[in-house]
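Scroll down for the structure; my scribbles are underneath it.
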Amino acid sequence: MGQLETIRLSIDPRRPAPEAIAHAAQVIRDGGLVAFPTETVYGLGAEALNPVAVDRIFRAKGRPADNPLIVHVAGVQALRELTSEVPGVALTLGSRFWPGPLTLVLMRSGNVPDITTGGLETVAVRVPAHPVALALLEASERPIAAPSANRSGQPSPTDAHHVLEDLGGRVEMVLDAGATPIGLESTVLDVTQDPPLLLRPGGVPKEDLEEVVGEVRSLQGQTNAAKRSPGTRYRHYAPRATVLLAPVGEAEALAACVLEEGKTVGIMSRSLVHSRHTRLRVRGMPLEPASYAREMFAALRELDSQGCQVIVAESVEEEGLGLAVMDRLRRAAAANDKTETGQASP
Ligand code: TXA
Ligand code: MG
C-alpha cells in the first residue's frame, strides 16, 4: 500500500470553496477515499452504502473488520434511509445536538451493508457541525462512513498534517482546513435501549445529555461492554511512547522518577515545570478541560516525534469534557507494553 498520489486541497473552514468541494464529492461518488475535517477530528470518508468503497477505509487504516464505522449525514431526514426504527428520544436528541458531536446508535435498515456496521444489526449515525463536512455531504448526496483518519491504534488526527503522516499515499484526497475545533471524538450513545447507554464519552458532555433525556447509563462495569461497543476492545489513541497518567499536580515528580531510569521523557503538564533536564521535553497543557481536549492528541503526537520513550500526562477533573479526556488518556496508558517500564500507570 501507499502508492497513491494523495491530493491535499487547502480549504477555508468557514466558507469552503464550491470547486474544491465538488472535486472531493466526485471522488466520494467514484468510490474513493477523502479525509475531511469535522468539528471533532478529521474523518476518513467513503460512500457508506458502497461496500467496496467502505472496504478501502478498513484497508487504509489497518482497522479490524468487526469495528463498525460512523455514518455521517447532512440532516435528520437521512435516518429514514439508514434505520429501521427511530425512537422518539433519538429525534429529541437530534433536534437538540445536531449538527454536533453526538453519534446515535440505532437499528439499521437493509440499505446499510454489513461491512459498514461490522456485521451488527445497529448503525451509528451523526450530523457533523463543520461547514466543510456538511458541504461535502450535501454535494456528494451520499451518506459518508468516516472513522477518525488515523492509522488504527494511533491518536486521532486534529490537523491535516496528522492525516498525511498516517495515511499519505493511501487516500485520494485530504481537505485541509487547519485544526479541528473540539479536538476529541463525538459522544457515542446507544438509543436502541431505555435508558440510553453511553458507549463512548466525547464532545457532548454526559451532563448535557442527561438534561435532555434524564438518566443515561454508562458502559463502565458492564460485562458485555466489548460486544456493545466493539471499538473499546482495541488498542486506541496510543502514541509510540509509553503513557503514564499522573494525578493532578504530580506530573513533574513522576517524570523525575522515569528520568532516573535513563529514558527520554515528555510531560504534558497543566502547571509550571521547573526541571531543565536534557532528557525532558515539556508540553504545557491548558488548565481548562475543553482546551486540554483540543490539544491532547496533537501533544501526544508532538512528544512522540521528539523521541520521547515515556509520556507523563497530568490528569484533568472528570466532569464536562474532562470525562472524555480521561477516557482517552486511560486507553492510551492501557495500551502500554507494561514490561517496558515494569510499572503500571498510577
Ligand atoms: O467524532 C467522531 O466520532 C469521528 C469523526 C470523524 O466523526 N469519528 C470517529 O470514528 O471517531 P471512529 O471509527 O474512530 O470511532 C467510532 C466509534 C468506535 O468506537 C466504534 O466501535 C463505535 O463508534 N461504533 C460505530 N458503530 C457502532 C455501532 N453500530 N454500535 C456500537 N458502536 C459503534
Ligand atoms: Mg478512531
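Sort through VAL86, VAL73, VAL27 and tell me the only one that's under 21 Å from the mean Cα position of the chain (by Cα) and modelled with pLDDT of 95 or more.
VAL73
Can you tell me which residue is farthest from ligand 1 (Cβ to nearest atom) among those in the stretch 96-127 that are without any contact (Cβ under 8 Å) to a residue 40 or more places away in the chain and more than 16 Å from THR187 (Cβ to Cβ)?
GLY110
Starting from the stretch 3-14, take each residue that is in a loop (DSSP other than H, G, I, E, B) and list its partners that are loosely packed, with under 12 Cβ neighbours inside 10 Å, counting only C-beta distances under 7 angstrom and pairs at least six apart or across chains.
none
Please give the number of the condition HIS161 fails out of (1) closer than 24 Å to GLN26 by Cα; (2) without any contact (Cβ under 8 Å) to a residue 24 or more places away in the chain; (3) touching a helix residue (DSSP H, G or I) at 6+ places or on another chain (Cβ under 8 Å).
(3)
Pairs, please: C-beta under 6 Å, at least 6 apart or cross-chain, first residue farther than 25 Å from LEU120 by Cβ and in the stretch 166-192, second more than 12 Å from ligand 1 (Cβ to nearest atom) and at pLDDT below 95?
GLY169/GLY2; GLY169/LEU4; ARG170/MET1; ARG170/GLY2
Return the total of residues in the stretch 235-258 being open to solvent by less than 50 Å² (accessible area, probe 1.4 Å) and either at pLDDT below 90 or part of a loop (DSSP other than H, G, I, E, B) (or both). First the steps, then the outcome.
Residues of the stretch 235-258 that are open to solvent by less than 50 Å² (accessible area, probe 1.4 Å), as a first pass: 236-239, 241-246, 251, 254-256, 258.
Then keep just the ones that are either at pLDDT below 90 or part of a loop (DSSP other than H, G, I, E, B) (or both); that gives 236-239, 241.
Adding up the residues that qualify gives 5.
Among the residues in the stretch 71-78, are any in contact with a helix residue (DSSP H, G or I) (Cβ under 8 Å, 6 or more places away or on another chain) and within 15 Å of ligand 2 (Cβ to nearest atom)?
So far as the stretch 71-78 goes, yes, one or more of its residues are in contact with a helix residue (DSSP H, G or I) (Cβ under 8 Å, 6 or more places away or on another chain) and within 15 Å of ligand 2 (Cβ to nearest atom).
Here is a list of conditions, (1) within 16 Å of ligand 2 (Cβ to nearest atom); (2) under 22 Å from LEU189 (Cα atoms); (3) open to solvent by less than 20 Å² (accessible area, probe 1.4 Å), and HIS130 meets all of them except one; can you say which number that is?
Unmet for HIS130, out of (1) within 16 Å of ligand 2 (Cβ to nearest atom); (2) under 22 Å from LEU189 (Cα atoms); (3) open to solvent by less than 20 Å² (accessible area, probe 1.4 Å): (1).
From GLU302, GLU317, GLU261, which residue is closer than 26 Å to SER152 by Cα, open to solvent by 60 Å² or more (accessible area, probe 1.4 Å) and either touching a residue at least 60 places away in the same chain (Cβ under 8 Å) or part of a helix (DSSP H, G or I) (or both)?
Result: GLU302 is the single residue among GLU302, GLU317, GLU261 that is closer than 26 Å to SER152 by Cα, open to solvent by 60 Å² or more (accessible area, probe 1.4 Å) and either touching a residue at least 60 places away in the same chain (Cβ under 8 Å) or part of a helix (DSSP H, G or I) (or both).
Would you say PRO16 is over 16 Å from ARG142 (Cα atoms) and either surrounded by 15 or more Cβ atoms within 10 Å (Cβ to Cβ) or at pLDDT 95 or above (or both)?
Spelling it out, PRO16 is indeed over 16 Å from ARG142 (Cα atoms) and either surrounded by 15 or more Cβ atoms within 10 Å (Cβ to Cβ) or at pLDDT 95 or above (or both).
If ILE115 satisfies every condition in (1) open to solvent by less than 10 Å² (accessible area, probe 1.4 Å); (2) more than 16 Å from ligand 2 (Cβ to nearest atom); (3) β-branched (Val, Ile, Thr) but one, which is the exception?
With respect to (1) open to solvent by less than 10 Å² (accessible area, probe 1.4 Å); (2) more than 16 Å from ligand 2 (Cβ to nearest atom); (3) β-branched (Val, Ile, Thr), ILE115 is out only on (1).
Can you work out which of the residues in the stretch 137-164 that are within 21 Å of GLU5 (Cα to Cα) and away from ligand 2 (no atom under 15 Å from the Cβ) is most open to solvent (accessible area, probe 1.4 Å)?
By that ranking, first place goes to HIS161.
Just a yes or no: is a residue in the stretch 140-161 more than 13 Å from ligand 1 (Cβ to nearest atom) and more than 19 Å from ILE21 (Cα to Cα)?
yes
The values are calculated or read from the model by the stated rules, or taken from the named source; none is laboratory data. Computed from a predicted structure; not experimentally measured. Cβ coordinates were reconstructed from backbone atoms using ideal geometry, including for glycine residues, and neighbour counts include every protein chain displayed. SASA here: full protein model, heavy atoms, side chains in, ligands and nucleic acids out. Shrake-Rupley method; radii C 1.70, N 1.55, O 1.52, S 1.80 Å.
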